[in-house]
1. List the residue pairs whose Cβ atoms are under 7 Å apart, where the first residue sits in the stretch 12-29 and is under 17 Å from Y47 (Cα atoms) and surrounded by 12 or more Cβ atoms within 10 Å (Cβ to Cβ), the second is basic (K, R) and modelled with pLDDT of 95 or more, and the two are 6 or more positions apart or on different chains.
2. Out of everything in the stretch 158-198 that is at pLDDT 95 or above, among the β-branched types (V, I, T) and outside any loop (DSSP other than H, G, I, E, B), what residue ends up being surrounded by the fewest Cβ atoms within 10 Å (Cβ to Cβ)?
3. Which pairs do you get when a residue that is in a loop (DSSP other than H, G, I, E, B), found in the stretch 267-294, comes within reach of a residue that is surrounded by 13 or more Cβ atoms within 10 Å (Cβ to Cβ) and not β-branched (V, I, T), reach meaning Cβ atoms under 6 angstrom, with the pair 6+ apart or on two chains?
4. Assess whether A155 counts as being surrounded by 13 or more Cβ atoms within 10 Å (Cβ to Cβ), in contact (Cβ under 8 Å) with a residue 60 or more places away in the chain, hydrophobic (A, V, I, L, M, F, W, C) and farther than 26 Å from A291 by Cβ.
5. Answer yes or no as to whether L233 is out of contact with any strand residue (DSSP E or B) (no Cβ under 7 Å at 6 or more places or on another chain), assigned by TED's automatic domain parsing to the domain that holds I188 and not polar (S, T, N, Q).
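The values are calculated or read from the model by the stated rules, or taken from the named source; none is laboratory data. Note that the structure is predicted; figures quoted are calculated from it, not measured. Don't worry about glycine lacking a Cβ; one is built from the backbone with ideal geometry, like all the others, and counts go over all protein chains shown.
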Amino acid sequence: INHQTWYIKAEWRGIDLVPRMLELFEGHHEYPVTEKVRIDVLRRFGYYSTESNGHLSEYVAWYRKRPEEIARWIDTGSWINGETGGYLRVCTEGRNWFETEFPQWLAEAPKSFAASERSGEHGSYIIEGLETGRIYRGHFNVINGSTITNLPPDAVVEVPGYVDRNGLNIPRVGDLPLGCAAVCNQSISVQRLAVHAAVTGDDRLLRQAFLMDPLVGAVCTPPEIWQMVDEMLVAGEAWLPQYADAIAAAKARLAQGKAIPTRTGYAGAARLHTKTIDEMRADRVNSQRNAEATDKAKLRPAAAKKAG
């Protein structure tokens, strides 16, 4: 449930900032453009969600339900601000650039790695803490147990903690605010259904997971969801052997020619063009940075405003 993490406490020099967060975000020079969903969730729930604007919009029912309204909630300056299929686009561009440029990289002098150029990835800091005892504080994905007391104990949660020679140490958080917990519990239920479906090959559980997904439920009716699952099972047949019987039944239903009409060629309300290799070569510096980056959303600028 690490895509639905909340700041329930924030202090600066002893001042409780939680009551002021909405005012501060709304008064920022850029966040009201790039973080519209997160600011609105803060407005409705009273607490700030750590997840990106785009991802948060996908995990709740309210911001992507009508194509004509999506632009009100997203920004296309960075893929992570809500662009349709943005992560797929940026990864596709990075992969294509890597495949094209890799022979040239091999011909270049090897890069040097020094302690002064250490990345921000958690892994090396965790290992350092375990091996040397140097305390590393961060946020970690762990089995909940009794850490967050109003979420299921077997859920995976993202919580603050620290690492030292004794291992990973997670303090008890207690209850989330009820509204925040309700948002998390809905996604946990979807994930539980999906995992059990995948393990057992039970397509009824799979369909129930789709039914309970907040965004799917906001957009589709049950018959539409059933048909969508049929189509997805058939499309993924090569990788879904546990659903063999369900796929055979789905093929039979689809072959009857009674499918609910869908919009042919529709690519989503906010999908951007995937750059060609030639287009990326024209912007070589940024293309190289994207291909190399682990965090492909470190920079999140607002979309440039059109003149006139």
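1. L22/R43
2. Only one residue fits best here, namely V195.
3. The qualifying pairs are A269/P67; A270/E83; R271/G85; L272/E83; T274/R89; K275/E93.
4. On the way: surrounded by 13 or more Cβ atoms within 10 Å (Cβ to Cβ): yes; in contact (Cβ under 8 Å) with a residue 60 or more places away in the chain: yes; hydrophobic (A, V, I, L, M, F, W, C): yes; farther than 26 Å from A291 by Cβ: yes.
So A155 passes the test.
5. Values: out of contact with any strand residue (DSSP E or B) (no Cβ under 7 Å at 6 or more places or on another chain): yes; assigned by TED's automatic domain parsing to the domain that holds I188: yes; not polar (S, T, N, Q): yes.
Spelling it out, L233 is indeed out of contact with any strand residue (DSSP E or B) (no Cβ under 7 Å at 6 or more places or on another chain), assigned by TED's automatic domain parsing to the domain that holds I188 and not polar (S, T, N, Q).
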